[in-house]
Amino acid sequence: MRPDALNPLFVENDALDGVGPKLRKPLEKLGLIRVKDIAYHLPERFVTRRPVESLDDAAEGEQIVIALTPIEHRAARNNRGPYRVLAQDGIGNICALTFFGRASFTAKKQLPVGEKRWVAGRLDRYGDMLQIVHPDHVEKEDGATLARLCEPVYALSEGLTQPRVAGLVEQALARLPELPEWIEPSQFNKAGWPAWRDALHLAHKAENPGARDRLAYDELLANSLALMLVRADNRRRKGQALKGDGGLRDRLQLPFPLTGAQQRSIAEIEGDLAQDAPMLRLLQGDVGAGKTVVALEAMLIANEAGKQAALLAPTEILARQHFETLRTLAASTGVEVALLTGRDKGRARESILMGLLDGSIDIVVGTHAIFQDSVSYKDLALVVVDEQHRFGVQQRLQLAAKGKKTPHTLAMTATPIPRTLTLAQYGEMDVSKLDEMPPGRKPIITRVTSMERMDEIVSGIARHLETGQQAFWVCPMVHESEIADLAAAEARYAVLKERFGDRVVLVHGQMPPDAKDAAMERFVAGEAKLMVATTVIEVGVDVPNATLVVVEQAEHFGLAQLHQLRGRVGRGSEQAVCLLLRGDRLSETAKRRLALMRETQDGFRIAEEDLELRGGGELLGTRQSGDTPFRVAGLEQITRLLPAAHADARLLMERDGGLASERGGAARILLYLFERDWGVQLLRGG
Ligand code: ADP
Ligand code: MG
């Protein structure tokens, strides 16, 4: 049970004044669902504005405070158009105050023609007009106060304004309880950090690295501690030792010899399976490194021991692909491989359920459907989980309820993550690494080309498709709104469709799942030749005939993402090409990223350099850590603070593994605060 002290933080956002149905949606879009989320919605940066006498004194892009007198209101020409208020400074310069959407209603009231107002905001240029879009403040008198303000700037979504968010944050902060200290006293004193509640207040007030570090450290500590609790719990659990006699594996007729890395990984897995304690192992290997065969060998060991194995895939399509591959590879062994997805209904489904129950199915491949309540196994002893970052402890506990004993788990990922992050993300697991590619792979040719050469690029694609091979075209998500992103992808699709007709399909995240699957399937089946996609091209989709990937506005992608995207091709025997299209203005970091892509295909190296580039370029509070399990800690903070947090957690576990002491109690609160309470639940043996 969650400690009572935390209750005020876990109530929903509409407990705050002013939050009704209308605000809930934009808040949820930012993940601000409960009061706690709002308190932790830390500013992206702070702004101090310069008071100016006239527009002549101000530079474009500058944050200013200025007295302006509205002279004319111009209504929007259509729904989406802006509402503009033309206003004049003291010497007759004109500037537009621009509002979109609902904000225009407020503008009408706040900016009556002929009355002077103090306006604070960022001066920009639109065509040949100066403008301030959505001024942060419009006040009758307060010019001097405005100029003194150092204000937080928060991430927003459509329908929110800075003052709105600031007001909610203030309410949330007022509700913070006093909590006991959970950080190791020596660490706390050495760092000279503020206490938890003070740190949250300070972090919203002004730039305060100490406060932000403390908050990040809390999250890292919670994470390390939870992972250690899982590990400890796992050691206590009884699984079933699986010893294979090699009978099935001997009958396996692979079309290639295993690489050294594959052999090593299989041996490590075999060692784990032979233990009573359930295996918790991560198999890390770049796209194409050959994880599937390793998984198959592991599953055959379970089968040799007379038990069943399951492979969980993130999507239907991947499940089907895995099923086909495994069935073909395992044909000579005689084991029964079945596929079970949410789509299977009626008799077919019944028969699979029966086979799982009576043990006639040895290996089942599927989506989450394979763990539904209605699915029972005769004796499930091994679960392989492919590419599910969020397949966490909770799911595993659910699974444990399926077998008589806790099944062994093998997680597989092609996402190259740097060493520090492996610790944070998979700290409770042992790791096997496939750091060697099967021989004979042709390196993918990577080229960087300017977007301006679009005509040539499209002709190149035409020639490529003429050979019968397929291609991906990836559109980026770069705009502030998804609608604009989608529009961009759709526009590109329309252009390409004009040229290539039915041979093009569009796939994006906003599509209904059925339509998306259908489009993907047309491409997988080879009916469609060119797939235009937002970044949803799913990890692991295997279309050996797709040998060209074009990435539009490649400078907007992170290295890890580019690497993943490039990995969509180069799976067959034909030479594969990756074409990175770039705009004409590139930041230094973007240049280095693209250069590195040309230079190497080693996912682990790319991951390390990616962390360095992103960590280094990271400003205070821009988290960019969407691919980590953290919401508060940014990449740079993770690298810098994780080792100490990890050591802190370890020390606490050694002294008080049951979290029974006073500080252990504080640590329990911490685990609930960061929603790693499954750690606490394990303590109770649940
Ligand atoms: P991933 O690690 O991305 O899941 P796969 O298991 O799909 O990689 O393997 C990619 C391709 O490499 C497959 O076609 C597979 O048959 C082949 N492959 C796997 N291991 C070897 C090997 N040792 N030698 C040659 N080819 C291999
Ligand atoms: Mg794979």
Percent RCO, i.e. relative contact order, over region 259-434, from Cα pairs under 8 Å lying at least 6 residues apart:
35 percent
Per-bin percent of Cα-Cα distances, region 276-316 [10 Å]
22, 53, 24, 1
One would report the Cα pair-distance distribution of region 145-273, bin width 5 Å, in %, as 2, 7, 10, 12, 11, 9, 8, 7, 6, 7, 8, 7, 5, 2, 1, 0, 0
Find how much the distance from Leu149 to Asp602 grows on full extension, using 0.36 nm per residue of separation minus their present alpha carbon separation; answer in nm with one decimal.
158.2 nm
In nanometres, the difference between 0.36 nm per residue of separation and the alpha-carbon distance of Leu130 and Ser661 is 184.9 nm
Residue-count net charge about Glu452 - beta-carbon cut-off 13 Å; Lys, Arg +1, Asp, Glu -1
-1
One can check that the equivalent ellipsoid of the chain, built from the alpha-carbon gyration tensor with semi-axes equal to the square roots of five times its eigenvalues, has lengths in Å, largest first, of 48, 35, 22
For a label point 7 Å from the Cα of Gln681 along Cα→C-beta, name the residues of region 1-21 whose backbone N is under 19 Å from it.
1-4, 6-7, 10-11
Heavy-atom accessible area per residue of the chain, all protein chains kept, 1.4 Å probe, expressed in Å², is 45 Å²
Once Rh for region 547-586 is found with the Kirkwood sum over Cα pairs, what is the Stokes-Einstein diffusion coefficient at 10 °C and 1.306 mPa s, in µm²/s?
149 µm²/s
From the alpha carbon gyration tensor of region 186-245, can you work out the equivalent ellipsoid semi-axes (sqrt of 5 times each eigenvalue) and give them in Å, largest to smallest?
40, 11, 9
Accessible-area ranking of Lys345, Lys405, Lys291, Lys190, largest first, probe 1.4 Å:
Lys190, Lys345, Lys405, Lys291
Reported to the nearest 10 Å², Asp17 has, with a 1.4 Å probe, an accessible area equal to 120 Å²
Along the Cα→Cβ direction, 7 angstrom out, place labels at Met354 and Leu30. What is the inter-label distance in nm?
5.6 nm
Run the paramagnetic zone check for Glu498: 7 angstrom along Cα to Cβ, then residues of region 428-463 with backbone nitrogen under 19 Å.
451-463
From Cα pairs below 8 angstrom and at least 6 apart in sequence, can you work out the relative contact order of the chain, rounded to a whole percent?
14 percent
What's the carbon and sulfur percent of the chain's accessible surface, probe 1.4 angstrom, rounded to a whole number?
49 percent
Distance between region 98-114 and region 300-314 - C-alpha centres, whole angstrom
64 Å
Taking only the alpha-carbon atoms of region 416-491, the convex hull volume per residue, in cubic angstrom, is 207 Å³
Determine the gain in length on full extension of the stretch Ala331-Lys345; use 0.36 nm per residue of separation and subtract their C-alpha separation, reporting nm with one decimal.
2.5 nm
From the C-alpha gyration tensor of region 445-600, square roots of 5λ in Å:
22, 18, 15
Under Stokes-Einstein, region 97-153 at 4 °C and 1.567 mPa s, with its Kirkwood radius over C-alpha pairs, diffuses with a coefficient in µm²/s of 104 µm²/s
Viscosity 1.306 mPa s, 10 °C: Kirkwood-radius Stokes-Einstein D of region 48-151 over Cα pairs, µm²/s
118 µm²/s
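The values are calculated or read from the model by the stated rules, or taken from the named source; none is laboratory data. Here the structure is a predicted model, which means the values were calculated and not measured. In this analysis, Cβ positions are derived from the backbone assuming ideal geometry, glycine residues included, and neighbour counts consider all displayed protein chains. Only protein heavy atoms, including side chains, enter the accessible area calculation; ligands, DNA and RNA are left aside. Shrake-Rupley method; radii C 1.70, N 1.55, O 1.52, S 1.80 Å.
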